[in-house]
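All remarks here apply to the structure that follows.
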Amino acid sequence: MCYICVMKRSIQNKIEQIQSLAKSQHLSSAGSSVRSTSVNDSLAEAIRNEKDATLFMAELDAVIKIAASK
Amino acid sequence: MITINFDDTFEPVEVAGDISYMTFNTILKDGGQTLLKIEITPLVDPLLPNVYNLCFGPIGDDGEINDAVSVPHLDINKTFSTIILFALTFLKINRRITIGLDGSNETRAYLYHRMFVTNRAYLSDYFVAIGVDWYVKLLRTLDIERTAENKPFFKPKPELFDYDRPARDMYRYYMFHLLPEQE
């Protein structure tokens, strides 16, 4: 059964309210500023090279797939 | 103990066009209110393009979130429900992204850990909760693998959140991903 189909209507309404405000307010993205917490993020610091990143992302994807199969 | 309930959240004030941030007013214990901002932004690491960081807090004089300040929330459940609902909204339009919560600070790690454990049933309808530990390789010399600076060479390893782990054995980093659509 699709989880979206059983999401409460009240919660879906709240999500749609946020999405509607986003469309109507025309505010720019937050992504342009470099946040100190993002710069000092411990996961970003632990991933030192592409090999580390590839392995981590593969393991993360596998974990998500396991959750989906349950 | 934080209880998440998406039916009890604060009203949004501002929302970025790409849902990267939202502001809302939270009520304080003294009856006043303060504007909080939630931001979901990519890590400053091009090697992890689908891992984003969630940050929240009052807005400082520089216009940036001050996540170090302690806010005396009247209803912390409602505040966190608002934050997690916003994260859900973000992830619904960015399904490939996983949000990360840095647990390097003990207080924050305890907060995140307890939030996931306390709300396991509720949040598992929406998200996959992931815990990340740091591991180091044991060499045949019985020393550990070290960096060029002779520090332990820690490698992060994600796993499905283990809800049986006690609070004293918290993860180093917490992540959550939108629950993949079931067939």
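Bear in mind these aren't lab numbers, they're just calculated from the coordinates by the rules spelled out. Computed from a predicted model, the values in this text were never measured in an experiment. Positions of Cβ are generated from backbone atoms using ideal geometry, with glycine treated the same way; all protein chains shown enter the neighbour counts.
Observations
- Summing +1 for each Lys or Arg and -1 for each Asp or Glu among the other residues whose beta-carbon sits under 15 angstrom from that of B:P46 gives -3.
- Amide H partners (placed H, <5 Å) of B:L101, local residues excluded: B:Y174, B:M175
- Among B:G17, B:T34, B:A68 - extreme Cα towards positive end, dipole of chain B, charges at beta-carbon: B:A68
- Packing, as the average of other Cβ atoms within 10 Å across residues, places the peptides B:164-170, B:51-57, B:3-9, B:103-109 in the order B:51-57, B:3-9, B:103-109, B:164-170, highest first.
- The protein assembly as shown: radius of gyration and largest Cα-Cα distance (Dmax), Å: 18.5, 62
- Per-residue ellipticity at 222 nm, computed for chain B from helices alone with -39500 (n - 2.57) per DSSP H run of at least four residues, works out to -6000 deg cm²/dmol.
- In the range B:1-86, trypsin sites (Lys or Arg not before Pro) in a DSSP loop with at most 11 other beta-carbon atoms within 10 Å: B:K29
- Close amide H contacts of B:I144 (hydrogens built in the peptide plane, cut-off under 5 Å, sequence separation of 5 or more or a different chain): B:L139.
- Between B:I84, B:I65, B:I38, the Gaussian network model of chain B with springs among Cα atoms under 10 angstrom shows the greatest mean-square fluctuation at B:I65.
- For residues of B:85-94, the mean tally of beta carbons on other chains within 10 Å: 3
- Expressed as a whole percent, the proportion of Cα-Cα pairs in the range B:63-161 lying more than 21 Å apart is 51%.
- Applied to the range B:46-58, the Karplus parametrisation 6.51 cos²θ - 1.76 cosθ + 1.60 on θ = phi - 60° returns per-residue 3J(HN,Hα) values of x, 7, 10, x, 9, 10, 10, 9, 9, 9, 8, x, x Hz, with x for Gly and Pro.
- B:I65 long-range amide H proximity, modeled H, under 5 Å: B:G60
- Here the convex hull built on the C-alpha positions of chain B has a volume of 169 cubic angstrom per residue.
- Charge tally for A:E59 (other residues, Cβ to Cβ under 14 Å; Lys, Arg +1; Asp, Glu -1): 0.
- Peptide B:32-45 is shielded by partner chain Cβ atoms: per residue, an average of 4 of them sit within 10 Å of its Cβ.
- Between the helical axis of B:76-93 and the longest alpha-carbon principal axis of chain B there is an angle of about 70 degrees.
- Extreme residue, positive dipole direction of the protein assembly as shown, given options B:I97, B:P49, B:Y135 (C-beta unit charges): B:Y135
- In sequence order, calculated HN-Hα J values of the range A:47-54 (Karplus, 6.51, -1.76, 1.60; Hz; x Gly/Pro): 8, 9, 8, 5, 5, 4, 5, 4
- Tilt relative to chain B, helix B:106-118 - C-alpha long axis, 0 to 90 degrees, to 10: 70
- Fluctuation leader among B:E159, B:E11, B:E145 - chain B, Gaussian network, Cα springs under 10 angstrom: B:E145
- For the range B:41-94, convex hull volume per residue from C-alpha positions, Å³: 99
- Here chain B is treated with +1 on each Lys and Arg Cβ and -1 on each Asp and Glu Cβ, and its dipole about the Cα centre works out to around 660 debye.
- Peptide A:53-63 has a mean of 6 when you count, residue by residue, the C-beta atoms of other protein chains within 10 Å of its C-beta.
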